[in-house]
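Enquirer: There's a structure below that I have some questions on.
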Amino acid sequence: MRAFRYERGLDTGQAVALVSGEPEAAYLGGGTNLVDLMKLGVARPRLLVDVTRLPLGSVDPLPDGGLRIGATVRNSDLAAHPTVRRDFPVLSRALLAGATGQLRNMATIGGNLLQRTRCVYFQDVSRPCNKREPGAGCSAIDGQNRDLAILGWSPQCVATHPSDLAVALAALDAMVEVREPAGPREIPLTELHRLPEDRPDQETTLARGGLITAVRVPGLPFARRSTYRKARDRASYAFGLGSVAVALDLDGPLVRDVRIAYGAVAHRPWRARLAEEALRGRPATPENFRLAAEEELAAARPMSHNAFKIPLIRNLTVRTLTELAEPPEVNR
């Protein structure tokens, strides 16, 4: 691990100025991903700016019934928050699926959204990786790609984004509040992360030195009927092979509205807008759920070892929607 300088952020403006003024600087929140990458030699910051003591640690109600979640709220605290558990269970379940209790106690909401891929070639500095070293090549395309992307990838990168929480927030139309050198702005969660295209090293749409300060989840009454399901190789905590976040609104037997997002299939959380559109106004049946998932997955391009993800995501979609469509006395 390379030696680095440590500074504590006194306010958001000063923290942003510090990081934007040093090309090899990084923010330090819980450190659960960053410190691992520093040990591996993947991340080599010269300056760490600690933002954990900035006043960004509250969960506040919004007038529309939504929530404003500060960037330094710990994952465990958000997962256990009574309003989140009652009104946005998809968020709580995504967080609980994401890591052990020890990690959730350290990890922050802002850091969760900005965690980096677990592609084995990205983490191995002895192997070519365009995300780590632009122009080096992508070892995963013809290599170990079982866990990697089937949607939105490019010849430059086939990595997937690892956050479970980001998938749930994408399904809920969340907005991300950021502070950048030019000032504050808001970004739809679905536009925070980039697809790889020709620059997989540019992972987000944040300006250099941009700091996430909060996430705003709009009020969505039918989010009470929401959940998150994740498939992984083992029941203990592991990164997903595929996941789905769903919120469902029914009008009798018909789907009045629906939100669907997929995880572990692309370089960013994948909002399944084609599947949503295919379901609105249609009967809430397993067959229609299957057809909607297949319409979304028609654009999938599996690689040599991950074609199984297509039926996996389709089946996760059908099972999750079917369970949510059951009457309340059954769906407990």
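The values are calculated or read from the model by the stated rules, or taken from the named source; none is laboratory data. Please read all numbers here as calculations on a predicted model, not as lab measurements. Don't worry about glycine lacking a Cβ; one is built from the backbone with ideal geometry, like all the others, and counts go over all protein chains shown. Remember, those area values only see protein heavy atoms, side chains included, never the ligands or the DNA or RNA. Shrake-Rupley method; radii C 1.70, N 1.55, O 1.52, S 1.80 Å.
Enquirer: For Asp198, Asp36, Asp50, what's the largest-to-smallest order of accessible area, 1.4 Å probe?
Expert: Heavy-atom accessible area, descending, gives Asp198, Asp36, Asp50.
Enquirer: What residue among Asn105, Asn33, Asn145 shows peak mean-square fluctuation when the chain is described by a Gaussian network model with Cα springs under 10 Å?
Expert: Checking each option, the largest mean-square fluctuation is seen for Asn105.
Enquirer: Within a Cβ distance under 12 Å of Asp87, other residues only, what is the Lys/Arg minus Asp/Glu net charge?
Expert: Overall, the nearby charge balance is +3.
Enquirer: In the calculated pair distance distribution of the chain, what percentage of Cα-Cα distances lie above 31 Å?
Expert: When all Cα pairs of the chain are counted, 30 percent exceed 31 Å.
Enquirer: Okay, next question. What residues qualify as long-range amide H neighbours of Ser154, i.e. H under 5 Å apart, gap of 5 or more or another chain, H built at 1.01 Å from N?
Expert: Answer set, sorted by chain and number: Glu197.
Enquirer: At 1.4 Å probe size, with every protein chain present, just tell me what the per residue accessible area of the stretch 208-332 comes to in Å².
Expert: 44 Å²
Enquirer: Just from its helices, what would the mean residue ellipticity at 222 nm be for the chain, if runs of 4 or more DSSP H residues each count -39500 (n - 2.57) and the sum is divided by every residue, rounded to the nearest 500 deg cm²/dmol?
Expert: My calculation for the chain gives -7500 deg cm²/dmol from helical runs alone.
Enquirer: Here's a follow-up. What is the list of residues in the stretch 192-225 whose amide nitrogen lies under 16 Å from a point 7 angstrom out from the Cα of Leu62, following Cα to Cβ?
Expert: 192, 213-224
Enquirer: I'd like the carbon and sulfur percentage of the solvent accessible area for the chain, probe radius 1.4 Å, heavy atoms only, ligands and nucleic acids excluded.
Expert: Summing carbon and sulfur atoms, their accessible area is 51 percent of the total for the chain.
Enquirer: Which of these, Pro181, Pro253, Pro221, has the largest mean-square fluctuation under a Gaussian network model of the chain (Cα springs below 10 Å)?
Expert: Of the options given, Pro253 has the highest mean-square fluctuation.
Enquirer: Sticking with this structure for a sec: Relative to the present Cα-Cα distance, how much length would full extension add between Gln202 and Arg85 at 0.36 nm per residue of separation?
Expert: Separation in residues times 0.36 nm, less the Cα-Cα distance, equals 38.7 nm.
Enquirer: How far, in nm, would the chain grow between Arg234 and Leu103 when pulled straight, counting 0.36 nm per residue and subtracting the alpha carbon separation?
Expert: Between Arg234 and Leu103, full extension yields 45.4 nm more.
Enquirer: Label 7 Å along Cα→Cβ of Asn288; the stretch 307-329 residues with amide nitrogen under 20 Å?
Expert: What the label zone holds, given the 20 Å backbone N cut-off, is 314-329.
Enquirer: Quick check: with the 1.4 Å probe, what order do Lys230, Lys309, Lys39 take by accessible area, largest first?
Expert: Most to least solvent-accessible, the answer reads Lys39, Lys230, Lys309.
Enquirer: Ranked from the most accessible area to the least, with a 1.4 Å probe and all protein chains present, what is the order of Met175, Met1?
Expert: Highest to lowest solvent-accessible surface, that is Met1, Met175.
Enquirer: Right, next: How many nm separate the modelled label positions at Glu22 and Ser304, each set 7 Å beyond the Cα in the direction of the Cβ?
Expert: Between Glu22 and Ser304, the simple spin-label model gives 4.2 nm.
Enquirer: Can you give me the angle between helix 286-297 and the longest principal axis of the chain, using Cα atoms only, in degrees from 0 to 90, rounded to the nearest 10?
Expert: 30 degrees
Enquirer: Using only the alpha carbons of the stretch 72-128, determine the length spanned along each of the three principal axes and report them from longest to shortest in whole angstroms.
Expert: 46, 19, 18
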